[in-house]
Structures are given as structure tokens and as C-alpha cells.
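Structure record follows, encoded as C-alpha cells.
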Amino acid sequence: MKTPSDDLFQLVQSLNKQEKRYFKLYASRHALNGENQYLRLFNAIEKQEVYDEATLRKKFPDEAFTRQLHVAKNYLYGIILASLRSFHESRAQDRFYTQLRNAQLLFDKGLYQQSEKALGKAKSTAADNERFLQLLEVYRWEHQIAHSRNDFGKLENYIAHGVQEEFDLLDKYRNFLEFQALNDRVFIPYWKKGAVRNETEKAALDQLFEQPQFSSADHARSFYARYFYHNARFSYHLFRGEPERSYEHVRELVQMFESRAVKGRGVRQYSSALINLYIVQQRLGHYSDIPDTLRKLREVPADSPEQQRRLFVRSFNLEVDFYLSTGLFSKGVAQIREREALFRKYEEEVNGQQRLGLYYNLAYLHFGAADYGQALDWVNLLLQDPALETRQDIHCFGRLLNLVVHYELRNDQLLEYIVQTTYRFLSKRERLFRVESVMLKLMRHYPGWLTPKARTEGFRQLIGELEDLRQNEFERKAFEYFDFISWMESKAAGSAFEAVVKLKK
């Protein structure tokens with residue numbers, strides 16, 4: 001027997017509160033005598049935690065639509081999509097498809113002059129946003145209108161100039177795709193693995209920029225092609241451990257967006273450029289420049305409440321990271337309490353990648369402030385998150401942070417079990433930072449370090465091993481996630497971790 005589709009259930013569950021409210025108003029327009037079977041079906045599906053079609057049928061035993069429930073589901077699915085289009089169309093800055101549809105309707109009415117006016121608006125919208133395929137669609141309609149009106153002057157102009165303009169648009173689109181692919185080839189391996197781990201991966205990156213078309217931004221034929229070039233260069237130099245050169249390209253990215261009105265897709269890309277600027281400023285120790293970067297990020301104009309929430313999470317994450325990078329753990333915990341509570345209210349609506357990063361950083365910040373109970377709460381949320389498998393690096397260091405939290409809490413019996421499970425997890429991964437092995441060595445020997453002298457000697461020995469690893473370019477990345485050396489130094493000296501970190505800043 002065929003399993004009932006849960007597509008409708010997934011769509012309903014994906015709607016936010018505003019979208020649901022709008023749909024119910026939209027659907028009520030189709031009510032008959034105050035009743036709307038589709039709205040009732042929607043409400044029933046909305047309340048389900050897991051899709052259960054049998055329960056739906058039992059809920060509406062006398063309704064005619066249950067005899068052909070798949071038909072009712074398909075119709076409701078279409079109504080929801082229609083309401084979403086209407087809801088977001090009224091709020092979107094990119095009105096291209098509305099304008100194009102208006103032009104088509106006017107054309108069908110034979111109102112060619114009015115259709116051309118609507119096409120002019122669509123053309124302007126597409127050009128402003130560098131939507132090359134949309135511009136080609138406008139050209140197709142302009143050509144069709146010229147034929148319908150027997151406008152031979154425009155047709156002759158199209159033959160003389162218009163065809164070449166369309167070819168030029170195709171070339172720009174191809175150029176855009178080439179630079180977009182360049183950016184993806186640089187970024188995706190790092191996104192999956194978290195670092196360049198060997199000479200083979202490093203050589204593969206080098207070869208990309210040996211291709212003539214990627215040797216300079218001069219070969220990029222549009223704003224967004226240049227965006228992808230500088231973003232790829234920024235990532236390339238950052239992955240190679242060249243933050244100074246990376247800084248040049250990320251500053252160029254920020255300046256590109258600040259030279260024009262930021263709207264539409266530019267909001268996301270401008271905010272990403274500011275985040276990347278922060279990353280490089282932090283690595284270079286340009287701490288005095290960071291507050292201005294965070295201010296700009298908080299002031300990025302959002303197009304919707306959802307986007308505003310995403311920007312809040314991004315700026316909040318960087319603020320937490322700023323306290324981490326400066327060693328101001330206790331101050332950070334005190335400063336972020338209000339925003340921490342706000343984040344908890346809608347954390348499930350946040351992108352998985354951003355949520356995982358914040359979980360880890362909040363756990364680390366509370367750990368640095370010696371608030372181990374709260375640190376453990378955040379670590380547990382991190383390790384239980386279903387999106388964790390998409391970030392191998394966060395998964396790895398989240399487990400290591402979990403170890404040191406339990407170490408500080410003196411959970412000796414539980415720690416022995418956690419060490420075993422962590423070791424098994426790390427051993428199964430494709431690659432293992434040698435730093436991870438040092439930490440596991442510490443934890444596996446921990447029960448035997450019963451005297452202060454033995455613990456101090458053990459920590460000092462491991463500090464030496466870590467210092468050597470920090471000089472290795474393929475191991476250096478691990479120390480950006482957690483300051484293992486400062487933590488071991490604090491244990492060897494009997495000092496607070498926060499005090500040791502501050503002395504180094």
C-alpha cells in the first residue's frame with residue numbers, strides 16, 4: 001500500500017506565525033455559510049506533531065472530502081502556496097514577476113502600450129538586481145509586442161542592436177555562473193571539513209586561481225561576479241592562513257555594498273561580508289575596529305521579521321565570539337543575558353549552522369567564566385541538535401568541550417564513560433586532529449593524577465606537546481575553537497582559566 005504523502009504536513013509546519021495568520025484570512029474568503037473545510041483541514045494538520053492521515057480521517061468521519069483526501073490535500077497545498085505568494089509579494093522589494101505578469105495580462109487584452117510600460121518597470125527591476133535571465137524574458141516580450149503591433153522600426157532596431165544585447169546578456173550570465181562556481185569550489189570543501197587539512201587539498205585550491213579568468217577581478221563582468229571573485233579570494237587566503245591578504249578582499253566586499261543601496265539579496269550578502277570582516281579583524285587582532293563592524297551588522301536593513309531575527313543571531317554570535325577572543329568571559333556573560341534569553345525564544349527557527357555556532361560559543365563563554373553548569377546546558381543542546389552532523393568541526397570540538405566541562409565539575413565516573421564514547425567517535429572520523437589525541441590522553445590518564453604534583457607534571461608535559469602542534473599549519477586551526485594551552489596552563493598553575501587568557505591579550 002502506498003504511503004500517504006506528508007508534503008502538505010511539511011509545508012504547514014514550515015509556516016511562521018505571520019504566514020499562518022495570513023493564510024487563514026486568505027482562506028476565509030472562500031468560506032461558504034461561515035464554513036471552510038480546507039481551513040478546518042489546515043487547523044487539524046497544524047496541530048499534529050507527526051503526520052497521521054488515519055487520525056485525520058477519524059477526525060472528519062462525515063465529511064465528503066475525506067473520501068478523496070488526496071484531492072483535498074492537493075487543493076489545500078495549492079491554496080497555501082497562493083497565499084504565500086500573495087503574502088510575500090506584497091512585502092518583497094523585487095517585484096519583477098508581479099510586473100511581468102501585469103505586462104502579460106495587458107498584452108492579452110491588446111493594450112500593447114500599457115504592456116510596454118509594465119515591461120519597462122520589470123526591466124528596471126531586473127537590471128537593478130542583475131537578473132540576466134529575467135532581462136532576457138523582458139526582451140522576448142518586447143519582441144513579441146513589436147510583432148503584434150507591426151512596429152517595423154522596433155523590429156529593425158532589434159535586428160541591428162537587440163540581438164547583440166541579448167548575446168551580451170548571455171555572456172554576462174555565463175561569466176556570473178563561472179565566478180559563482182569558483183566561489184562554491186573554494187568554500188564547500190571548507191564548509192564540510194572546517195579546514196584545509198593536507199597538501200593535496202591546498203594544491204587543489206591553488207589550481208583554481210591559476211586559471212586565467214580567475215586571475216583578477218577585471219575579468220568579472222558584473223557586480224555579483226566581482227562579489228563572488230572577492231569572496232572566493234577572501235576564503236582562499238583565509239584557508240591558507242594568510243589573513244592579511246584575506247583582509248584586502250573582504251574590505252573590498254564591504255566597500256562594494258556600501259557604495260550602493262543594500263536591498264533584496266544584497267542584505268544577506270552584505271551581512272555575510274561584515275561577518276567575514278569581523279573574522280579577519282579578530283584573527284589579526286584589530287579589536288578596536290570590531291565594535292564598528294558589529295554596529296554596521298546590527299544596522300543592516302532587514303526586509304522582514306524573519307530576516308531581522310537572522311541578523312540578530314548573527315550579530316549576537318559575533319558579540320559572544322568577541323568576548324571569547326578578548327578573554328572577557330565574565331563580562332561577556334553579564335552583558336549578553338538579555339540577548340541570550342531572546343535567542344532561546346526562537347532558537348528553533350534559526351538556521352542550523354548559526355544555531356550550532358551559537359550553542360558552542362555560549363558554552364565556551366560560560367565555561368571561561370567558570371559557570372560550568374550553564375556551560376553544560378549549552379553543550380548538551382549542541383550535542384543533541386539534529387543538525388550537528390552537518391558540521392564535523394563543531395561536532396568534534398563540542399565533544400572535547402564536553403570533556404573539559406565534566407573535568408571541571410569533577411564528574412569522575414561519568415567522565416570515564418564520556419572519554420570512551422568520545423574516543424570511539426573521533427576514531428571513526430576521516431581525519432583526526434592530533435590536538436584531539438592529546439586531549440584524550442589527558443582524560444584517559446586523569447584518574448591516575450590524584451596528587452597535585454602528578455597533575456601539574458602531567459599538564460606541563462601535555463602543554464609541550466600542544467605548543468609543538470600549534471606550529472603545524474594543519475593543526476593550528478584547532479586552537480581557534482578552544483584555547484587548550486591556556487586551559488592546561490591554568491590547571492598546572494592552579495589559576496583561573498580566564499586570568500591566564502587575559503594575560504595573553
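The values are calculated or read from the model by the stated rules, or taken from the named source; none is laboratory data. Worth saying up front: this structure is predicted, and the values here are computed from it rather than measured. Counting neighbours? That spans all protein chains shown, and the Cβs are built from the backbone with ideal geometry, glycine included. The protein model used for the area step is the full one, side chains on, heavy atoms only, and it has no ligands, DNA or RNA in it. Shrake-Rupley method; radii C 1.70, N 1.55, O 1.52, S 1.80 Å.
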(request) Heavy atoms only, probe 1.4 Å: what % of the accessible area of the chain goes to carbon and sulfur, would you let me know? (result) 49 percent
(message) Please compute the modelled spin-label separation between Gln48 and Phe479, points set 7 Å along Cα→Cβ, answer in nm with one decimal.
(response) 5.5 nm
(message) Using the basic label-point model (7 angstrom from Cα toward the beta carbon), what is the Arg174 to Asp289 distance in nanometres?
(response) 3.8 nm
(request) Using a Förster distance of 41 angstrom, determine the FRET efficiency expected from the C-beta separation of Val262 and Gln374, and round it to 0.05. (result) 0.65
(request) Treating cross-link reach as a plain straight distance, find the lysines whose alpha-carbon is under 22 Å from the alpha-carbon of Lys345, omitting any fewer than eight places away in the same chain. (result) Lys17, Lys20, Lys47
(request) Just read off the accessible area of Lys491 with the full protein assembly in place, 1.4 Å probe, to the nearest 10 Å². (result) 60 Å²
(request) Assuming R0 = 30 Å, can you tell me the calculated FRET efficiency for the pair Ser222 and Lys504, based on Cβ-Cβ distance, to the nearest 0.05? (result) 0.10
(request) Quick one: plug the Kirkwood hydrodynamic radius of the stretch 31-135 (C-alpha pairs) into Stokes-Einstein at 20 °C, 1.002 mPa s, and report D in µm²/s. (result) 126 µm²/s
(request) For the chain, report the accessible area per residue in Å² (1.4 Å probe, heavy atoms, rounded to an integer). (result) 52 Å²
(message) Whole-Hz ³J(HN,Hα) for each residue in the stretch 152-165, computed from phi via Karplus 6.51 cos²θ - 1.76 cosθ + 1.60 with θ = phi - 60°, x for glycine and proline: what do you get?
(response) 5, x, 5, 5, 5, 5, 5, 5, 6, 10, x, 4, 5, 5
(request) Evaluate the Debye formula for the stretch 115-207 with equal point scatterers sitting on the alpha carbons, no solvent, and hand back log10 of I(q)/I(0) at q = 0.15, 0.17, 0.19 Å⁻¹, in q order, two decimals. (result) -0.69, -0.79, -0.90
(message) Could you sort Phe187, Phe152, Phe179 by their accessible area in this structure, using a 1.4 Å probe and putting the largest first?
(response) Phe152, Phe187, Phe179
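Kindly state, to the nearest 0.05, the FRET efficiency for Asp108 paired with Ala341, given R0 = 60 Å and r defined as their beta-carbon distance. Show your work: numbers first, answer last.
Working: r = 55 Å, r/R0 = 0.91.
Plugging the Cβ-Cβ distance into 1/(1 + (r/R0)^6) gives 0.65.
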(request) Would you mind classifying the stretch 234-357 by shape? Square roots of the alpha carbon gyration tensor eigenvalues, ordered a ≥ b ≥ c; an a/c under 1.5 is rounded, otherwise it is prolate if a/b is larger than b/c and oblate if not. (result) oblate
(message) With only alpha-carbon pairs counted, each pair once and no self-pairs, how large is the Kirkwood hydrodynamic radius of the chain in angstroms?
(response) 27.1 Å
(message) So for each of 204-211, 378-385, 355-362, 79-86 I average, over its residues, the number of other beta carbons within 10 Å; can you give me the resulting order with the highest mean first?
(response) 355-362, 378-385, 79-86, 204-211
(message) Please compute the modelled spin-label separation between Arg140 and Glu165, points set 7 Å along Cα→Cβ, answer in nm with one decimal.
(response) 1.7 nm
